[in-house]
Amino acid sequence: MTDRIETTIETPDFDTTSIDRSGTASVKYDVRTAVFGSPDVMPLWVADMDFAAPECVQSALRKRAAHPIYGYTMYPPEFFTAITGWLARRHDWHVGQESIVALPGVVPAMNLIAAAFTEPGDGILVQTPVYPPIHQLAGNQHRLALESPLIWTEQGYAVDWADFESKLGQARIFVLCAPHNPVGRVWRRDELQRMADLCVQHDVLMIVDEIHADLVYSPHRHIPMARLSPEIGARCITLHAPSKTFNVAGLNTSFAVVENADLRQRLKDALNRSGLTSGNVFGITALTAAYEAGEPWLEQLLKQLQANIVYVVDYIEQHIPSICVQRPESTFLLWLDCRALGLDDAMLNRFFIDEAELGLNTGISFGAPGSGFMRLNIACPLSQLETAMTKLQVAIERLDAR
Ligand SMILES: Cc1ncc(COP(=O)(O)O)c(C=O)c1O
C-alpha cells in the first residue's frame, strides 16, 4: 500500500470517449430534474469534469479497493510528502509538512474556520461575484456579510480598491478566491501584494481558497498568497485540494497550509471539536497517487481545456454576438455576460433550460453583480460543446426573431 506510485506515460482520451455518468449519483447529471425541472438538459453546470481521472489514480484506487477492509484511516506520511512535493514543484512554494492540515473539504473547512476564528456579528469580506459557498459564508455563520464587488472591465475583472479598503476596515476575515471562480482571474503579484498589505494593516485574517490553482493557462502564473512574505504567510490559511485538478471531488479530501503555528493549532482544535480528524481511505490514496504521478496527465488536460475554451469563446464571438465572454486565465468555467439579451435572472435561466436545453449555473447565485450572467462549464468532450453551441445559437436566433 505504501509503494511509491510509478509515473507512467499516459495518453488520456479527453475527446472521443464520452462517458455516461447518469445513474452514478453524480450531482451534475442525477440532480437535473430537481434543479432544472428536466432530466434532459445538457449538464454544463457543477464544477467537475466529464473526463476520467488519471490512470495512476484509477489504478491506485483499484489496488486499495482490492484490500477488503476499509476501516478508520489515518493520514500517512506519504500523504503529506505528496502535498509538499506538489506545492514545491508546481507552485514553487516550499512549506514544511508540519504546516499541512488534512481536511474533508474546502467548503466545510472555510465554514469551520469562520465559526472558530470570529464571533457573531464580526465581518467577513468577500469579492462578488463569487462561488456561492463563499458568498453565503458570513450568512451561514451568522456573521456580518461584507461584499466588495469586482469591477467588470473590457480587460477583465478588477478590484475596486477604495471600496475594498473601506470594507476591510470592518472585517475580521477576508476570503480570497485565487484563482477566482467564476470570473477566471489569476491575481497578479501586485494585486495580491496590495490585498495582503491592506489585510496586514487592518489586522485581518486571510482565508485563501486556491482550489483552482493548478488549472492556470500560460502565460498566467498562480502565486500562492502566503508565499509573498513570511509576515503575509503568517496571516493566511490557504485551502487547496486535488478535487478540481484531477476530477476527484467525490472523494472529499483536501488540505490547508497554515504556516503560523498558533493559527494551525486553533484550526486543529476546531477540527477535533467537530470530529473531523479521520481520513477518507480512497481520498488519501487518490491524492497521493495524483500528486506523485499525475503531472503528465495534468499537462495534457490543460491543453484540452484551453482548446475547449478557445473553441467556445471563438464560437460565441462569431455566431452569438449578443453574449459577451472573456477568456478565463484559469478554471474550466466561462462567465457569460448575457445582459444584452434583456431578460431578468429568472427569465434568463428559463431561456437556457427551455429554449436552449442547457443547464448552466445562474450568475445571480454568485451574488448581485452576477445578475444577467450565466456560468458555463467547458470540461467535457469538444463534441458536446459543439452541440451546446449550436443549441444556444439557434435559441438566440429564435429569441431575436420574436
Ligand atoms: C472556489 C471553490 N472552492 C471550493 C470548492 C469546493 O471545494 P470542496 O469540494 O473541497 O468543498 C469549489 C468547487 O466548485 C470552488 O470552485
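The values are calculated or read from the model by the stated rules, or taken from the named source; none is laboratory data. What you see is a predicted model, and the numbers here were worked out from it, not measured in a lab. In this analysis, Cβ positions are derived from the backbone assuming ideal geometry, glycine residues included, and neighbour counts consider all displayed protein chains. What goes into the accessible areas is simple: the full protein's heavy atoms, side chains included, and nothing from ligands, DNA or RNA. Shrake-Rupley method; radii C 1.70, N 1.55, O 1.52, S 1.80 Å.
List of remarks:
- Rounded if a/c under 1.5, otherwise prolate or oblate - the range 331-402, Cα gyration tensor axes: oblate
- Whole-number Å³ per residue for the convex hull built on Cα positions in the range 268-313: 128
- With N counted as the residues of the range 86-126, its alpha-carbon radius of gyration over 2.2 N^0.38 Å works out to 1.56.
- Overall, the accessible surface of the range 44-117 at a probe of 1.4 angstrom is composed of carbon and sulfur to the extent of 64 percent.
- Beta bridges assigned by DSSP with both partners in the chain are antiparallel in approximately 50 percent of cases.
- Taking amide hydrogens as placed 1.01 Å from N in the peptide plane, the amide H of M42 sits under 5 Å from those of L358, G359, each at least 5 positions away in sequence or on another chain.
- Cleavage-rule hits, GluC sites (Glu not before Pro), the range 120-183, DSSP coil, Cβ neighbours within 10 Å at most 10: E154
- Average accessible surface area per residue within the range 21-133, 1.4 Å rolling probe, Å²: 42
- Ligands, DNA and RNA are left out, and with a 1.4 angstrom probe the accessible area of the range 203-300 is 33 Å² per residue.
- Working note: Debye formula, equal point scatterers on the alpha-carbon atoms of the range 165-276, no solvent; log10 I(q)/I(0) at q = 0.20 Å⁻¹ is -1.16.
- Each residue of the range 360-366 was assigned a 3J(HN,Hα) from its phi angle through the Karplus curve 6.51 cos²θ - 1.76 cosθ + 1.60 (θ = phi - 60°); the sequence is 10, 7, 6, x, 5, 6, 9 Hz, with glycine and proline shown as x.
- Burial ranking of peptide ranges 39-45, 369-375, 396-402 (average Cβ count within 10 Å, highest at the top): 369-375, 39-45, 396-402
- Helices of the chain meeting both criteria, an alpha-carbon length of 24 angstrom or more along the long axis and an average Kyte-Doolittle score not below -1.0, with helices taken as full DSSP H segments, are 295-319, 382-401.
- Whole-percent carbon and sulfur share, accessible surface of the range 241-325, 1.4 Å: 46
- For trypsin sites (Lys or Arg not before Pro), the sites in the range 143-195 that DSSP calls loop and that have at most 13 other Cβ atoms within 10 Å are R188.
- Here's the picture: charge each Lys and Arg Cβ at +1 and each Asp and Glu Cβ at -1 in the chain, and of Y315, Q384, A25 the one pushed furthest to the positive end of that dipole is A25.
- Within straight-line reach of K303, meaning a Cα separation under 21 Å, sit the following lysines at least 8 residues removed in sequence or on another chain: K244.
- Gyration tensor (Cα) of the chain, equivalent ellipsoid semi-axes in angstrom: 32, 28, 19
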